Every structure is written in C-alpha cells, then in structure tokens.
1. Please give the solvent-accessible surface of T90 in Å², to the nearest 10, using a probe radius of 1.4 Å with every protein chain present.
2. Within 10 Å, count the other beta carbons around each residue, average over each peptide in 24-31, 39-46, 10-17, and list them highest first.
3. Per residue, how much accessible area does the chain show when a 1.4 Å probe rolls over the protein heavy atoms, in square angstrom?
4. Using +1 at the Cβ of each Lys and Arg and -1 at the Cβ of each Asp and Glu in the chain, identify which of Y76, M4, A52 lies farthest towards the dipole's positive end.
5. From Cα coordinates alone, what are the radius of gyration and Dmax values for the chain in angstrom?
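The values are calculated or read from the model by the stated rules, or taken from the named source; none is laboratory data. Small disclaimer: the values here were computed from a predicted structure and weren't measured. Note: ideal-geometry Cβ built from the backbone for every residue, glycine included; neighbour counts use all protein chains shown. Heavy atoms of the whole protein, side chains included, go into the accessibility calculation; ligands, DNA and RNA do not. Shrake-Rupley method; radii C 1.70, N 1.55, O 1.52, S 1.80 Å.
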Amino acid sequence: MFGMHPPLRFMVARLLAEGRAGRVDELMRSLEPLYGGEKQFTRRNLEEHLQALKAVGIVEIAETSRDSTGDLAYSYRISETGRKLMARLTRT
C-alpha cells in the first residue's frame with residue numbers, strides 16, 4: 001500500500017549474510033534500487049548502520065585498506081552470531 005521496505009539496517013545484514021560485497025560503496029549500489037529515493041539512504045547512514053551492527057556482534061571487519069583519497073576503507077562480513085540470527089529471522 002505504501003511501498004514499505006524492510007528496515008535498511010536489516011537489509012544490510014541480509015546482504016552480508018547472502019555473501020554480497022561488504023564495502024560501503026558496493027552495498028550502496030546493491031541497495032540503491034530499493035532505497036535510493038529515501039532521505040535515509042546516505043553513505044554516512046549506511047556507515048553508521050554497519051558500525052552499529054559491528055558493535056552488537058552481527059558483522060565484523062573483514063579487511064581494512066585505503067581508498068583513492070587515502071582514507072581508511074573497511075570491508076565487512078557477517079559474523080557467526082549474525083549468520084545464526086539472520087537464519088532465525090528469515091525462517092519465520
């Protein structure tokens with residue numbers, strides 16, 4: 001009716017659980033068709049969602065590197081705890 005989508009944070013965890021790319025720019029490209037028109041869909045918000053998921057043990061940093069501007073860039077992956085949680089959530 002209103003074109004409701006799952007919460008963005010849930011979709012980030014779901015993409016990582018499916019083995020999709022874990023860099024912010026790659027996740028942005030994957031999520032853009034669903035959330036691209038929403039005000040919440042910004043690089044900063046996505047980074048904050050990843051940090052929040054990391055803080056509670058759902059995702060972990062897989063790799064650290066430098067981007068083209070020399071800033072730290074992280075690649076994330078789902079943790080074992082996150083994998084179990086996502087399996088329970090997607091079963092119901």
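1. 80 Å²
2. The most tightly packed comes first, giving 10-17, 24-31, 39-46.
3. 67 Å²
4. M4
5. Rg, Dmax (Cα atoms, Å): 13.3, 45.
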